[in-house]
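> Below: one structure in structure tokens.
The values are calculated or read from the model by the stated rules, or taken from the named source; none is laboratory data. Since this is a predicted model, take the numbers as computed values, not measurements. Cβ placement follows ideal geometry from the backbone for every residue including glycine, while neighbour counts extend to all protein chains displayed. We work out accessible area using only protein heavy atoms, side chains counted, and drop any ligands, DNA or RNA first. Shrake-Rupley method; radii C 1.70, N 1.55, O 1.52, S 1.80 Å.
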Amino acid sequence: MSPNLDYSIPNPKIDPARRPPRAFKPDGSPNDNDRVEIGPTDCAFGEWAALGLEVPNLERMRQARLDRLCTELKKHDYAAALLFDPLNIRYATDSTNMQLWVAHNPCRAVFVSAEGHVILWDFRRCEHLSSHLPLVKEVRFGAGFFYMLVGDKEDQEAARFAREIDDLLRQHGGGNRRIAVDKMEISGILALQRHGIDIKSGQHILEQARLIKSPDEINAMR
């Protein structure tokens, strides 16, 4: 049956037949504004070029940040970092989602092994928000176990999440059970400790990683 041209959309936002663009913007991102990550406009790129400012390469900057985090984990002999702070998640993955809300409702998290294996927990049906980030190897759901979200099942949900972390440490920890955590619900801390996981304060790991800026980060700040 032929489509009704009066009501058809010539350039639908969701189009499985669309091929990825071959052209790229000056920051290394695909030249396609019909996507989650839109970024600066052509006007901004033009103004920066006129000022002689070098545009950061986003792919290279993301890799440098992950490398910095892994360097700090290895320096302190930690198997991994488990991050709930949305600013730390952004640093480690460049992934964002409802930043203000998750700042006081911890339901997004990221696991970063010392060797750089990255797993992100997000809201359900939000995996498309990080599909442009190749450093994120897997997107899962269910990192929230605070009362507003799960009610009287807080301990049960924390135990389920802790089993996932225990399994990841067995896969990617190389026998190391020391993990850096930035901030976490008490029920989650207790659940991890029941698995014999040695929890260490992780905020200093992120601060030390941020201390050294890559050339692309400096270009981004400029």
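> Can you list the lysines whose alpha carbon is less than 19 Å from that of Lys75, not counting same-chain residues fewer than 8 positions off?
Lys200, Lys213
> Also: Could you work out the Kirkwood radius for the stretch 107-159, taking every pair of different alpha carbons, averaging 1/r and inverting it, reported in Å?
On the way: mean 1/r = 0.0828 Å⁻¹.
Across the stretch 107-159, the inverse of the average 1/r is 12.1 Å.
> Where does the chain land at 222 nm, in deg cm²/dmol rounded to the nearest 500, when only DSSP H runs of n ≥ 4 count, each adding -39500 (n - 2.57), divided by all residues?
Numbers: 9 runs with 89 residues, N = 222.
The per-residue figure over the chain is -11500 deg cm²/dmol.
> Size of the stretch 60-194 along its principal axes in angstrom, Cα-based, largest extent first?
The Cα atoms of the stretch 60-194 stretch 42, 32, 20 Å along their principal axes.
> Further question on the same structure: Within the chain, what's the longest stretch lacking GluC sites (Glu not before Pro) that sit in DSSP loops with no more than 15 other Cβ atoms inside 10 Å?
Segment 116-222 is the longest.
> Using the beta-carbon distance between Cys126 and Ile212 and R0 = 35 Å, what value does 1/(1 + (r/R0)^6) give for FRET efficiency, to the nearest 0.05? Walk me through the numbers on the way to the answer.
Details: r = 31 Å, r/R0 = 0.90.
So the FRET efficiency works out to roughly 0.65.
> Compute, for Trp101, the solvent-accessible surface of its heavy atoms (probe 1.4 Å) with the complete set of protein chains present, and express it in square angstrom to the nearest 10.
Rounded to the nearest 10, the figure is 80 Å².
> Here's another thing I want to ask about it. With springs only between Cα atoms under 10 Å, which of Leu83, Leu66, Leu100 fluctuates most in a Gaussian network model of the chain?
Leu100
> Let me ask another. Could you compute Rg(Cα) / (2.2 N^0.38 Å) for the stretch 157-217, with N its residue count? Mind showing how you got there, number by number?
Details: Rg = 13.9 Å, N = 61, 2.2 N^0.38 = 10.5 Å.
Compared with the compact-globule rule of thumb, the stretch 157-217 sits at 1.32.
> Give the average over all directions of the projected area of the C-alpha convex hull of the stretch 53-112, one decimal, in nm². Walk me through the intermediate numbers first.
Numbers: hull surface 20.4 nm².
Mean projected area of the Cα convex hull: 5.1 nm².
> About its Cα centre, what dipole magnitude does the chain give when the only charges are +1 on Lys and Arg Cβ and -1 on Asp and Glu Cβ, stated in debye to the nearest 20? Don't jump to the answer; show the numbers that get you there.
Numbers: 30 positive and 32 negative charges, 82 e Å.
The dipole of the chain has a size of about 400 debye.
> Suppose R0 equals 35 Å; then what is the FRET efficiency for Ser201 and Leu51 from their Cβ-Cβ distance, rounded to the nearest 0.05? Write out the running numbers ahead of the final one.
Numbers: r = 41 Å, r/R0 = 1.18.
Given R0 = 35 Å and the Cβ-Cβ separation, E is 0.25.
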